[in-house]
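Enquirer: Take a look at the following structure, please.
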Amino acid sequence: MKASSGQAFGYAAFLLVFTAIAAYTVANKTWWFPPLASVQGAEIDNLFMITLLLTGIVFIAVHVVLAYFVWRYRGRSERKAAYITHNTPFEVSAAATVALALVILVGGGTTLWTKIQSPPPSDAFTVEVWAEQFRWTFHYPGADGRMGNTDVKFISDENPYGLDPNDPYAKDDIFASEMHVPYGKPIAVILRSKDVLHSFFLPHFRMKMDVVPGMKTRLWFTPTQSGTFEIPCAELCGVGHYIMRGVLTIEPPAAFNEWLSQQTPVGMSQ
Amino acid sequence: METPNIAHAEAAVEAHHHEPQSFWTKYVFSQDHKVIAMQYMITALVMGFIGMVMSWLFRIQLAWPDHNLPFLRFLMPTNMESGTLQTPGYYMLVTMHGTIMIFFLLTAILTGGFGNFLIPLQVGARDMAFPFLNMLSYWFYFLSCVVVTISLFVSTGAASGGWTSYPPLSALAKATPGSGLGQDLWLVSIALFIVASTMGSLNYVTTALNMRAKGMTLMRMPLTVWGIIVAAVLGLFAFPALFAGAVLLLLDRHLGTSFFLPHLVLGGEHIVRDGGSPLLWQHLFWFLGHPEVYILILPAMGITSEILSNGARKPIFGYKVMVASLVAIAFLSFIVWGHHMFVSGMNPWLGFAFVITTLIIAIPSAIKTFNWLGTLWKGNIRFTTPMLYAIGFISTFVTGGLTGLFLGNSALDIPLHDTYFVVAHFHVVMGLSSVFGIFAGIYYWFPKMTGKMMSERWGKVHFWLTFIGSYGVFWTMHYLGFMGMPRRYYSYDSYQFLPPSMHTLQMIITISALIVGAAQFIFIVNFLGSWLRGKKAPDNPWQANSLEWQAPTPPPHGNWGPKLPEVHRWPYDYSVPGASADFVPQTVPVEVEPSGEHHSAAVAVNGHGHTNGHGNGHHA
């Protein structure tokens with residue numbers, strides 16, 4: 001059985017080389033996440049690293065063992081396989097070890113999920129985001145400091161984001177094609193869609209939420225950096241999905257207020 | 001016409017009497033499970049080939065957005081007119097690639113192909129319980145393939161809303177090109193496919209439960225049969241949800257109902273519906289969609305288990321636990337669908353339950369992995385092509401399964417959802433693993449199906465190119481996922497957050513995909529060439545124990561000649577201490593050769609088996 005040695009060697013070698021390349025490029029962060037920019041993202045990254053460590057150990061261990069077995073137990077005509085049908089203590093302890101690791105992951109995951117999905121802090125700065133094929137529009141309160149109600153049924157050529165004509169707070173609202181927020185506060189986002197599904201994705205903040213017509217979906221996060229960031233759409237929304245790019249600028253409150261004051265209130269055309 | 005329900009246990013002579021004579025009843029409208037299996041298999045492979053070519057085209061776009069390949073115009077006259085793939089064409093290709101691969105290749109070949117061929121032969125039946133229904137199942141499948149293929153040629157284009165067909169994109173013709181007649185045909189073809197799958201699944205389960213040969217207890221069934229019938233049960237319970245979804249979506253599209261549509265404004269025009277929710281579709285879709293990935297993986301697990309044991313010349317490690325974990329995975333697969341919807345707008349508190357159920361699946365999956373490794377441990381491994389693929393399955397299943405622990409944990413799913421990390425994950429765990437199971441199975445059972453051996457030399461070349469190339473494609477995609485690269489993008493040029501190195505990765509992926517694709521031509525030539533002029537296969541080329549290898553090659557109509565086989569032992573009596581050969585077929589009585597089936601626990605614990613098994617001082 002000469003051929004089997006060649007195959008066994010090749011197989012073991014490939015598994016080890018693949019595992020080494022995989023482990024090195026991941027540990028070295030050769031191709032990695034975009035720079036982190038939020039408090040919640042740091043916790044997500046933390047849980048990611050714990051998961052990476054646990055799964056990485058299993059990944060490497062299984063492949064090394066597999067490579068060893070493939071080589072060590074390669075077929076030779078003078079050998080005979082052992083007759084072993086099962087080993088209950090081994091299987092129970094292996095399953096228990098896995099279960100224990102899962103407790104860590106589920107515990108960490110659900111705790112973090114609770115934090116992220118809890119209502120935003122009361123001092124959060126809120127922006128309403130409208131998604132449509134294939135652009136983002138950002139809705140801010142006007143001078144009165146309160147955002148007017150919007151509803152799809154009010155949408156018309158003159159009222160493109162459906163401001164409620166009977167809502168007094170709606171009259172001085174502002175719609176902008178870029179998202180600006182003041183640095184130093186948690187940011188809460190209310191997501192609205194005019195037409196199809198979209199998804200509001202902030203890679204640097206590790207945040208994402210689908211935008212669903214007929215529903216208000218929400219997310220909030222606490223930036224740890226100011227700067228300009230991109231908002232790709234992450235849910236297939238049609239042929240222009242890949243160009244549905246938004247821009248988020250996080251800037252000092254003074255700069256933000258100045259930007260806001262330069263925006264023209266759309267108000268109501270009545 | 002043949003009686004649909006032959007009384008199989010006694011009707012050997014009758015079965016022969018009923019053997020179809022004309023070309024049409026023998027090869028076309030055949031009710032013989034082996035012919036139907038080949039029909040399913042070949043149709044599925046043809047569909048899979050189409051799906052693969054589609055992936056080349058969109059991979060070329062992703063690696064070389066500036067490509068100019070006018071010679072490809074013949075493939076897509078309207079969408080590659082200029083020699084460059086156009087955006088609508090790109091979205092049609094990704095949508096139809098997913099649809100074809102998941103339903104028309106993988107589901108069809110694993111249950112329709114392997115299920116049909118193996119269940120009667122491995123449980124010792126003469127045919128399926130309902131041969132006429134079985135034939136009807138294939139022809140409904142064939143019809144669904146025809147409809148989905150026609151949809152590629154309609155003037156408004158094929159469906160392009162993703163294989164998940166989320167409304168409103170898939171509900172309104174104006175929402176996207178392809179959401180016209182193409183989407184209707186997509187829905188009709190899926191509905192037809194579900195009809196076919198249901199008729200098939202009823203047959204597989206009934207046959208395995210009711211038509212086993214004497215002595216073939218449930219716990220003596222090969223794991224292949226277990227994997228396939230558990231998958232069939234999944235299909236019976238899960239597919240109706242998508243059938244209902246498809247009908248409701250057709251109603252929303254054409255009769256103005258509002259199951260999935262709220263009031264919305266599309267391109268400035270009010271579409272006045274009330275009360276519907278796009279999330280309802282997602283629930284219905286994933287209620288099928290998640291069990292569906294197990295419909296693909298469980299039969300592949302069964303095939304892998306079977307071949308690993310045979311190739312290692314060793315009993316499968318922990319048979320009962322293997323059966324139990326198949327059933328456990330199947331049960332859990334029904335209560336995890338919400339992990340596809342963590343950031344869909346579904347009530348986030350629902351996410352808790354789905355995190356827990358999803359991660360629990362890791363336990364039976366890990367047990368199966370340990371048992372496959374346990375099967376190789378102290379084996380005497382023969383590196384046949386089926387065995388190379390079966391070992392590869394362990395690697396891909398572990399690699400892809402582990403990334404599921406990231407995505408199944410809702411907090412980690414937030415940044416990773418809808419990125420290339422997801423694409424990498426499901427291709428490795430559900431695409432590659434089941435494809436590896438399928439290739440292992442084809443190389444392994446081809447001799448029994450056709451009476452010819454496939455070329456081992458070309459089989460190995462095919463394996464190595466496929467294995468290395470597939471990791472080149474799908475391992476690399478994880479990195480793009482880390483970078484936050486969203487999936488289903490025609491081009492990434494307008495984004496600065498993606499580092500320039502992503503172009504290199506995209507090229508590595510596409511080049512690997514083209515290599516893997518080219519390797520499949522080797523497979524096709526080997527498959528067809530061996531069938532036509534391959535070496536004649538002996539009855540039991542792999543020296544295997546299960547019943548199909550005790551039948552003549554290829555098995556005649558009715559499978560067993562005049563006398564049905566009788567089963568005396570489990571199918572994993574390899575290297576039994578004291579036996580004259582390193583395999584003892586299930587039909588050999590225990591008085592003739594010893595069996596480890598009943599006293600195996602003692603052997604395992606006190607280790608006598610090892611000493612007997614290692615005559616030549618190879619004991620470590």
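Please treat every number below as a calculation from the coordinates, not as lab data. The structure displayed is predicted, hence computed values, not measured ones. Ideal geometry is used to build each Cβ from the backbone, glycine not excepted, and the neighbour counts take in all protein chains shown.
Enquirer: Would you work out the charge dipole size for chain A about its Cα centre, treating the Cβ of every Lys and Arg as +1 and the Cβ of every Asp and Glu as -1, and quote it to the nearest 20 debye? Numbers along the way, then the final one.
Expert: Working: 20 positive and 22 negative charges, 400 e Å.
That gives a dipole near 1920 debye.
Enquirer: Can you tell which of B:Asn203, B:Gly578, A:Ala96 lies farthest toward the positive end of the dipole of the protein assembly as shown, using +1 and -1 charges on the Cβ of basic and acidic side chains (Lys, Arg; Asp, Glu)?
Expert: Among B:Asn203, B:Gly578, A:Ala96, the one farthest towards the positive end of the dipole of the protein assembly as shown is B:Gly578.
Enquirer: A further question on this structure: Mind grabbing the base-10 log of I(q)/I(0) for the protein assembly as shown at q = 0.09 Å⁻¹? Debye formula, identical points on the C-alpha positions, no solvent, two decimal places.
Expert: Log10 of I(q)/I(0), two decimals: -0.91.
Enquirer: For B:Lys174, A:Lys80, B:Lys563, what ranking results if the residue with the fewest other Cβ atoms within 10 Å of its Cβ goes first? Present the calculation step by step, with values, prior to reporting the outcome.
Expert: Numbers: B:Lys174 15, A:Lys80 22, B:Lys563 7.
Sorted ascending by nearby Cβ count, the order is B:Lys563, B:Lys174, A:Lys80.
Enquirer: Here's a follow-up. Just the number, please: percent antiparallel of the DSSP beta bridges in the protein assembly as shown, rounded to the nearest 5.
Expert: Percentage antiparallel, nearest 5: 70.
Enquirer: Shifting gears a bit: If the viscosity is 1.567 mPa s and the temperature 4 °C, what Stokes-Einstein diffusion coefficient in µm²/s follows for chain B when Rh is the Kirkwood radius over Cα pairs? Could you put the intermediate results ahead of the total?
Expert: Numbers: Rh = 25.4 Å.
For these conditions, the coefficient is 51 µm²/s.
Enquirer: Hey, fewest Cβ within 10 Å first, where do B:Cys145, A:Cys237 land in order?
Expert: Working: B:Cys145 23, A:Cys237 28.
Going from sparsest to densest Cβ surroundings: B:Cys145, A:Cys237.
Enquirer: I've got another one for you. Going down the list B:Lys34/B:Lys368; B:Lys314/B:Lys368; B:Lys378/B:Lys535; A:Lys171/A:Lys216, which pairs span over 24 Å between their C-alpha atoms? Intermediate results must be reported in sequence, preceding the final value.
Expert: Numbers: B:Lys34/B:Lys368 30 Å; B:Lys314/B:Lys368 16 Å; B:Lys378/B:Lys535 32 Å; A:Lys171/A:Lys216 21 Å.
Pairs exceeding the cut-off: B:Lys34/B:Lys368; B:Lys378/B:Lys535.
Enquirer: Ignoring GluC sites (Glu not before Pro) that are buried or in helix or strand per DSSP, and keeping those with at most 12 other beta carbon atoms within 10 Å, what is the longest stretch of chain A between them? Could the numbers behind the result be given before it?
Expert: Working: sites that count: A:Glu78, A:Glu158.
Excluding the exposed sites themselves, the longest stretch runs over A:159-270.
Enquirer: Further question on the same structure: For segment A:125-262, take N as its residue count and report Rg(C-alpha) divided by 2.2 N^0.38 Å. If you can, show how the numbers build up before the last one.
Expert: Values: Rg = 14.4 Å, N = 138, 2.2 N^0.38 = 14.3 Å.
The value comes to 1.00.
Enquirer: At q = 0.12, 0.25 Å⁻¹, what log₁₀ I(q)/I(0) does segment B:326-410 have when each alpha carbon counts as one equal point scatterer in the Debye sum?
Expert: Ignoring solvent entirely, the Cα scatterers give -0.46, -1.19.
Enquirer: Also: Let me know the longest stretch in chain B that avoids all GluC sites (Glu not before Pro) found in a DSSP loop with at most 12 other C-beta atoms within 10 Å. Provide the component values of the computation, followed by the final result.
Expert: Working: sites that count: B:Glu10, B:Glu81, B:Glu591.
The reported range is B:82-590.
Enquirer: Could you give the alpha-carbon Rg of segment A:1-134 over 2.2 N^0.38 Å, rounded to two decimals?
Expert: Values: Rg = 23.2 Å, N = 134, 2.2 N^0.38 = 14.1 Å.
Against the compact-globule rule of thumb, the ratio is 1.64.
Enquirer: Using a/c under 1.5 as the rounded threshold, could you call segment A:146-223 rounded, prolate or oblate? The axes a ≥ b ≥ c are square roots of the C-alpha gyration tensor eigenvalues, and prolate needs a/b larger than b/c, oblate otherwise. It would help to have the intermediate numbers written out before the result.
Expert: Details: a/c = 2.33, a/b = 1.44, b/c = 1.62.
It comes out oblate by the Cα gyration axes.
Enquirer: Based on the Cβ-Cβ distance of B:Ile524 and A:Arg218, what FRET efficiency does E = 1/(1 + (r/R0)^6) give at R0 = 35 Å, to the nearest 0.05? Present the calculation step by step, with values, prior to reporting the outcome.
Expert: Numbers: r = 52 Å, r/R0 = 1.48.
Step by step, r from the Cβ atoms, then E = 0.10.
Enquirer: Hey, another quick one. What size of dipole, in debye to the nearest 20, comes out for segment A:125-262 about its Cα centre when the only charges are +1 on Lys and Arg C-beta atoms and -1 on Asp and Glu C-beta atoms? Write down the numbers at each step before the final one.
Expert: Numbers: 12 positive and 17 negative charges, 101 e Å.
Using only the charged Cβ atoms, the result is roughly 480 debye.
Enquirer: With only Lys, Arg, Asp and Glu charged, each at its Cβ (+1 for the first two, -1 for the last two), find how big the charge dipole of the protein assembly as shown is about the Cα centre; round to the nearest 20 debye. It would help to have the intermediate numbers written out before the result.
Expert: Values: 48 positive and 48 negative charges, 596 e Å.
Dipole size: approximately 2860 debye.
Enquirer: While we're looking at this one, here's another question. Express in % the proportion of alpha carbon pairs of segment B:85-199 at distances exceeding 16 Å.
Expert: For segment B:85-199, the fraction of Cα-Cα distances above 16 Å is 60 percent.
Enquirer: Only counting other Cβ atoms within 10 Å, I'd like A:Asp210, B:Asp274 sorted with the fewest neighbours first.
Expert: Working: A:Asp210 28, B:Asp274 10.
Fewest-to-most ranking of A:Asp210, B:Asp274: B:Asp274, A:Asp210.
Enquirer: Radius of gyration and Dmax for chain A's Cα atoms, expressed in Å?
Expert: When restricted to Cα atoms, chain A yields Rg and Dmax of 27.0, 95 Å.
Enquirer: Could you tell me which residue out of A:Ser193, A:Pro160, A:His139 lies farthest along the dipole of segment A:125-262 toward its positive end? Charges go on the beta carbon: Lys and Arg +1, Asp and Glu -1, centred on the Cα centre.
Expert: A:Ser193
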